[in-house]
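The values are calculated or read from the model by the stated rules, or taken from the named source; none is laboratory data. No experiment lies behind these values; they were computed from the predicted model shown. Note: ideal-geometry Cβ built from the backbone for every residue, glycine included; neighbour counts use all protein chains shown.
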Amino acid sequence: MYYSEKAHEQELIACGSYFDFKLPIDLVAFLRKYNGATFYEFEDTGGYRFLSCQELVDENRFQQENFGDDWDEHMLLFC
């Protein structure tokens, strides 16, 4: 397992602001401690990774733009 450094408070505030501060409490606690993690990788083509604060914003914004009106605003991609 590979963990990133903990998220700084400013990163958490910026991330929470993007999601209108509706992030699950457990996810915020995880980000405070690790700010992303990789549980395993397979030849750079697969694996399981929790996103960092900035990656959460970037990935959700990207998917929302691609899905347009079909995007469910109650959904949060976190890994």
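Within segment 47-79, being touching a residue at least 40 places away in the same chain (Cβ under 8 Å) and small (Gly, Ala, Ser) holds for one residue alone: Ser52.
Within segment 34-79, the residues that satisfy the criterion of being in a helix (DSSP H, G or I) and within 15 Å of the chain's Cα centre (by Cα) are Cys53, Gln54, Glu55, Leu56, Val57, Asp58, Glu59, Asn60, Arg61, Phe62, Gln63, Gln64. Among the residues making up segment 15-26, a single one is of a type in the set (A, V, I, L, M) and either modelled with pLDDT of 95 or more or part of a loop (DSSP other than H, G, I, E, B) (or both): Leu23. Note on segment 26-46: residues that are small (Gly, Ala, Ser) and either surrounded by 14 or more Cβ atoms within 10 Å (Cβ to Cβ) or touching a residue at least 12 places away in the same chain (Cβ under 8 Å) (or both) total 2. If you filter segment 47-79 down to residues that are modelled with pLDDT of 90 or more and in contact with a Cys (Cβ under 7 Å, 6 or more places away or on another chain), you find that the one that is surrounded by the fewest Cβ atoms within 10 Å (Cβ to Cβ) is Val57.
Taken over segment 7-25, the criterion of being surrounded by 14 or more Cβ atoms within 10 Å (Cβ to Cβ) and over 11 Å from the mean Cα position of the chain (by Cα) is satisfied by Ala7, Glu11, Ala14, Tyr18.
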